[in-house]
Amino acid sequence: MPCERKPMRYGHSEGHTEVCFDESGKFLVTCGNDGDVRIWEGLDDDDPKFITVGEKVYSLALKNGKLVTASSNNTVQIHTFPDGDPDGILTRFTTNATHVTFNSNGSRVAAGSSDFMVKVVEVSDSSLQKTLRGHEAPVLSVNFDPKDDFLASASCDGSVVVWNIEEQSQVISWPLLQKTNDVSSAASLCRLAWQPVAAKFLAVPVETKVHLYERGSWNHVSTLSDDLTQLVNVVAWSPCGRFLAAGGVGGSLTVWDVSSKLCVERQKHEKGFTVSGLAWSPAGSQLAYTDTEGCLGLLDGLGSAPSTSTKRPTEKKTAKDFDDLFDDDDDDRLMDEGLSDGNSPVKKPDEDDDDFLVPLTGRARNRGAILDDENSLDAGLLKLSRDTFGDDDVDNGALLPAATPPAALRPVYEGPLPTPPQKAFQPGSTPAHLTHRFMMWNSVGIVRGYDDEQDNAVDVEFHDTAVHHAMHLTNSLGHTMVDLSQEAVLLACPSTDELASKLQCLHFSSWDTNKEWMVDLPPGEDVRALCLGRRWAAVATSALMLRLFSVGGVQKEIFSLPGNVVSMVGHGEQLLIIYHRAPGFDGDQALGVQLLQFGRRQKQLISGEPLPLSHRSHLSWLGFTAEGTPCYVDSDGVVRMLNRSLGNTWTPVCNTRETCKSKSDNYWVVGIHENPQQLRCIPCKGSRYPPTLPRPAVAILPFKLPLCQTSTEKGLMEEQFWRSVLFHNHFSFLSSSGYEVDEDDQTRSQKEQQELLMKMFALSCKLEREFRCVELAELMTQNVVTLAVRYAARSRRMVLAQRLSDIALEKANRAQEEEPEEVEPSAGRRPSGYEVMGRCHINRRIQEEEEEQVEELREEEEDERETEKEEAGTRKHPADVNLFAKEGSVIPTLTPIGKVGRANPFKVLGSGKHSSLSAPPRVTNILDNMASGRKSSPLAGPAGKPNKCPVLKPLAPRPKTKTQSTLLQMTSTKKKTIQESTQPSAEQQKQLEAPPPALPADNTENKRPKTGFQLWLEENRKSLTVDKPGLEETDIIKEAMGRFRTLSAEERLSWTERAKGQPGDAADLKKRKRAEGEGGGNENGQTEADENSAKKKKSLDPSAKLSAFAFNKN
């Protein structure tokens, strides 16, 4: 018996749950510990109707349109079905009723209680009751004999009793169960059941087996077992009486063929919870079950097993519409009951057993024959058997002679079936069949609709009462669609036999007194969707037309739609339309999208592109973000947003199902914000839509791109970066559309992205992924690439630093070409983020913050580099030679870029204007254009050729910073190795001792005054070297800083004032002391060597080399 186990879904809160089918098989009815009875139109019903019965509901039964429940208020109540209206109380107990059931014709109800009593009540007159006394503990279950003569009951006293209803006496009692004092502590509920139709057996679950007792003789005739290790909790017979299903405490589901005593189906609860309720569908093809956690499940396809006889249609229908073609409600009940229609073709005695009879129509009788798996057979294709279950009750002689079967079977289409097209809906609205519903919930306000006996009205509530006060509108026209903006309320109603479809607008922002207008659509044309924008309204109709109106009521453009509209939404000057572009197959919807922009420049941004949806899902919400980016949500909870920078593609940004605790939970989206990144939605437990009362609370979900391995540090930073890029694309769109953009937010977003890139760059360096580092550098801005060069240089990755410097110069040249020859920023205009980052003139504080940022990224590698420094200090080999330098070049020494060789494109004059550029030559390598502080080493380059690059004059010296001190420490070992191999020439010494050349007047702003500490160090350097000879430059600076801190506050303040007041005098004094020290002894010579060494080390500072590409964090 091949069957399909459907995924379980949330039905009720945790606790005992029961289920039953109605007589038509269309509805599933469940009850649970939450006190509700839910009516489901199939397992996939996302909005079941519910009836609140009491605090808890322990059991239910359904027959003849009457719903009977046993609730926690010690009563057995009756409700109408499917309306759910209360219809009185059948009976009362002194404690909770535990189980209720109908007899075969629905005229009586039996109920067992925890007060040890069983009552049999007439439905038509509840005063006619029979009370069965005899149990000594709470009653577990009750069940009627199909012939209405006997009643069986099980109790916590361990007994199973058969009662004579009319005599109110016990017929027989079996001590079969474990004794307990309460239903909640019972090991098994022992939900026994009589066999329908034949009424031959009573099935009683006893521990891990099911005992069958014969009616009348009350003998134990058979035991059904399948080597079960778990207690059987509940049993249920199929409508035909042939199959018996059992649910276990550990979640086992077993189906036996009673005639052969064989197990024909074994299933397991997907989570192993106890099965507390079982119910067969009237057709016998489905078995519904519930568990003790409040969930509902379904086994489908049970009726597809070969039965003993089949029912064949007696006549051929001549007219069938599309709905009849896929009608699932064909009468399959007789197939399961083991009966045969007299007009059905019956197997002749002399026919071969392998011949199968086919339908007279030559086609599948219903959709079940097409949708079932390959092991399933249509009822018309089943072979008839000579043996039937219950031979005593079936007269085989009554069968008529068989009709002649057709010669051949026509082929049946087995491909995917067309998907029913999704109906049009308004985003932010709940279904129209609800009496109290949300007609609109968006970023402006909430519109509620009431359609009941007391009132038929529309309430409009604004989130911001400054927009407008709340309104109460009488819905006399029966409006079903609403949209709300900060200018107007737009309503529409469908057409009737007497009235045309109407469009009504309340323009509450109008300055005149007439704020309302109404338009009748042409006959035969109904409104399918509507929306409001900035000073316009749009209406899509059933005639595949889209009509535009002004907000004041002027008819504007009109055009045809490519297909039936599904949904439509407006924002500002944008209009987004979703429509059916083709039929969908295999559960998928084939939707198309159009995005129009109105205003002065009317254009179509997206024209007829397919709308991507999850497999077998439909569109559930459509809208714009608060910043104007189109987005939508499908029924699988996937939120997608338009990526304008990637060719108007749709990017998934969130999956709301990942945060749902249960499969039946959903989030109802009401709005999306890009800045800050917020998904505003309402959690719905067990349904897709929220109720109007009480007012639901709005939750905020985070966004997350579905990138790979987001649990790792690399994947997390990649997701954060690309999400930041996507959610800040609206800046460029708004600026191109003529809107003002907050430059602070734009600069902040760019800074966030660049910081993430720098962190990913540092991580890639740590993982030895240099090629990945270059790929990340391509995404960086020019000044951040400069920081990456510094980081690579400090990490001793010279090849990477060389490639990054090429990228930096390429970006600089590209920016130089794009920059106009003379830029005159207007007064009061704030420069953009890229203009700020491209300028060379930055303040010292920003520069120090950038260098400290590099230091923070280097902290993780400090321990590894300590060992390398010690080893490098003991080696004397050409390790510092750039092995990747081009032929004819020398060892590049890192000095600031001067004005010789090419003009400074980022130079800012004192007047605040950029200097005019006179087409400077393009440079190709930032390292090859640095001025050399010494002659080339014999090891420089393969042939030791001199450097032919132009010599760049250095900029004026600037105070040393903490980062530069670290650089001096890093490059000290390299300097000592080069000093041992070569000595500076006399000409270079003279050049170092000579005063620096006078800088042009327009470069005076680059001069910076020295600090008090630097001035103190220059005057006391000799005393430091005398006291502690042999110190490295870094150690000298540390010692000087320690001594400077010991000075009093007044002395430090005086040095600072001297440094600010006489920068030139201090420099001249330093030069005079340097000149006087040339004729000194070895001690003075050592001091001068230390100073020259310090100068050379400073020339290797990458921060000075790349000072033109400083990074402004503002």
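The values are calculated or read from the model by the stated rules, or taken from the named source; none is laboratory data. Note that the structure is a prediction, hence the values are computed from the model and not measured. Counting neighbours? That spans all protein chains shown, and the Cβs are built from the backbone with ideal geometry, glycine included. Accessible surface areas use protein heavy atoms only, side chains included; no ligands, DNA or RNA. Shrake-Rupley method; radii C 1.70, N 1.55, O 1.52, S 1.80 Å.
A compact table of results
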{"quantity": "Sole residue being over 23 Å from VAL633 (Cα atoms), in contact (Cβ under 8 Å) with a residue 12 or more places away in the chain and among the small types (Gly, Ala, Ser), chosen from SER724, SER664, SER735, SER749", "calculated": "SER749"}
{"quantity": "Meets criteria (open to solvent by 20 Å² or more (accessible area, probe 1.4 Å), at pLDDT 50 or above and over 26 Å from LYS6 (Cβ atoms)) for SER259", "calculated": "yes"}
{"quantity": "Selection from the stretch 170-202 of residues that are open to solvent by less than 40 Å² (accessible area, probe 1.4 Å), within 22 Å of VAL100 (Cβ to Cβ) and either of a type in the set (Val, Ile, Thr) or assigned to a strand (DSSP E or B) (or both)", "calculated": "THR180, VAL183, ARG191, ALA193, TRP194, LEU202"}
{"quantity": "Qualifying position, being closer than 27 Å to SER485 by Cα, modelled with pLDDT under 95 and open to solvent by less than 20 Å² (accessible area, probe 1.4 Å), among CYS684, CYS654", "calculated": "CYS684"}
{"quantity": "Among (1) among the aliphatic types (A, V, I, L, M); (2) more than 23 Å from GLY297 (Cα to Cα); (3) out of contact with any strand residue (DSSP E or B) (no Cβ under 8 Å at 6 or more places or on another chain), the one test that VAL258 misses", "calculated": "(3)"}
{"quantity": "Any chance LYS663 is open to solvent by 70 Å² or more (accessible area, probe 1.4 Å) and in contact with an Asp or Glu (Cβ under 6 Å, 6 or more places away or on another chain)", "calculated": "no"}
{"quantity": "Near pairs, Cβ below 7 angstrom, 6+ apart or cross-chain, from the stretch 776-799 (touching a residue at least 40 places away in the same chain (Cβ under 8 Å)) to any residue that is among the hydroxyl-bearing types (Ser, Thr, Tyr) and surrounded by 22 or more Cβ atoms within 10 Å (Cβ to Cβ)", "calculated": "VAL789/SER805; ARG790/SER1103"}
{"quantity": "In the stretch 596-634, the residues that are hydroxyl-bearing (Ser, Thr, Tyr) and part of a loop (DSSP other than H, G, I, E, B)", "calculated": "SER614, SER617, THR625, THR629"}
{"quantity": "Options ARG601, ARG581: the member that is within 18 Å of LEU548 (Cα to Cα) and either out of contact with any strand residue (DSSP E or B) (no Cβ under 8 Å at 6 or more places or on another chain) or free of Cβ contacts under 8 Å to residues at least 40 places away in the same chain (or both)", "calculated": "ARG601"}
{"quantity": "Condition broken by GLN602, with the remaining ones in (1) at pLDDT 95 or above; (2) more than 27 Å from ASN514 (Cα to Cα); (3) more than 26 Å from the chain's Cα centre (by Cα) satisfied", "calculated": "(1)"}
{"quantity": "Count of the stretch 555-573 residues which are part of a strand (DSSP E or B) and either under 20 Å from THR419 (Cβ atoms) or open to solvent by 10 Å² or more (accessible area, probe 1.4 Å) (or both)", "calculated": "12"}
{"quantity": "Single residue of the stretch 639-651 satisfying the filter (free of Cβ contacts under 8 Å to residues at least 60 places away in the same chain and open to solvent by 20 Å² or more (accessible area, probe 1.4 Å)) that is farthest from the chain's Cα centre (by Cα)", "calculated": "GLY647"}
{"quantity": "Candidate set: the stretch 59-102, residues that are without any contact (Cβ under 8 Å) to a residue 12 or more places away in the chain and more than 18 Å from ASP125 (Cβ to Cβ); chosen: the one farthest from the chain's Cα centre (by Cα)", "calculated": "ASP85"}
{"quantity": "The one condition in (1) hydrophobic (A, V, I, L, M, F, W, C); (2) surrounded by 15 or more Cβ atoms within 10 Å (Cβ to Cβ); (3) over 18 Å from HIS507 (Cα atoms) that ALA582 fails to fulfil", "calculated": "(2)"}
{"quantity": "Of all residues in the stretch 442-456 being open to solvent by 20 Å² or more (accessible area, probe 1.4 Å) and not in a loop (DSSP other than H, G, I, E, B), the one that is nearest to ALA529 (Cα to Cα)", "calculated": "ARG448"}
{"quantity": "Test set (1) in a helix (DSSP H, G or I); (2) farther than 23 Å from GLN422 by Cβ - PRO691 fails condition number", "calculated": "(1)"}
{"quantity": "Per-region count, the stretch 457-499, residues surrounded by fewer than 20 Cβ atoms within 10 Å (Cβ to Cβ), of a type in the set (D, E, K, R) and in contact (Cβ under 8 Å) with a residue 24 or more places away in the chain", "calculated": "0"}
{"quantity": "Selection count, the stretch 690-705, where residues are open to solvent by less than 70 Å² (accessible area, probe 1.4 Å) and either polar (S, T, N, Q) or modelled with pLDDT under 90 (or both)", "calculated": "1"}
{"quantity": "Count - residues of the stretch 514-534 that are surrounded by fewer than 20 Cβ atoms within 10 Å (Cβ to Cβ), in contact (Cβ under 8 Å) with a residue 12 or more places away in the chain and closer than 23 Å to MET439 by Cβ", "calculated": "8"}
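For (1) modelled with pLDDT under 95; (2) closer than 21 Å to ASP636 by Cα, each residue gets a yes or a no:
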position	(1), (2)
GLY524	yes, no
LEU530	no, no
VAL539	no, no
HIS580	no, yes
ALA590	no, yes
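For every residue, the table says whether it meets (1) open to solvent by 10 Å² or more (accessible area, probe 1.4 Å); (2) under 30 Å from GLU674 (Cα atoms).
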position: THR712; (1), (2): yes, yes
position: GLY715; (1), (2): no, yes
position: ASN729; (1), (2): yes, yes
position: LEU763; (1), (2): yes, yes
position: GLU775; (1), (2): yes, yes
position: ARG796; (1), (2): yes, no
position: ASP806; (1), (2): yes, no
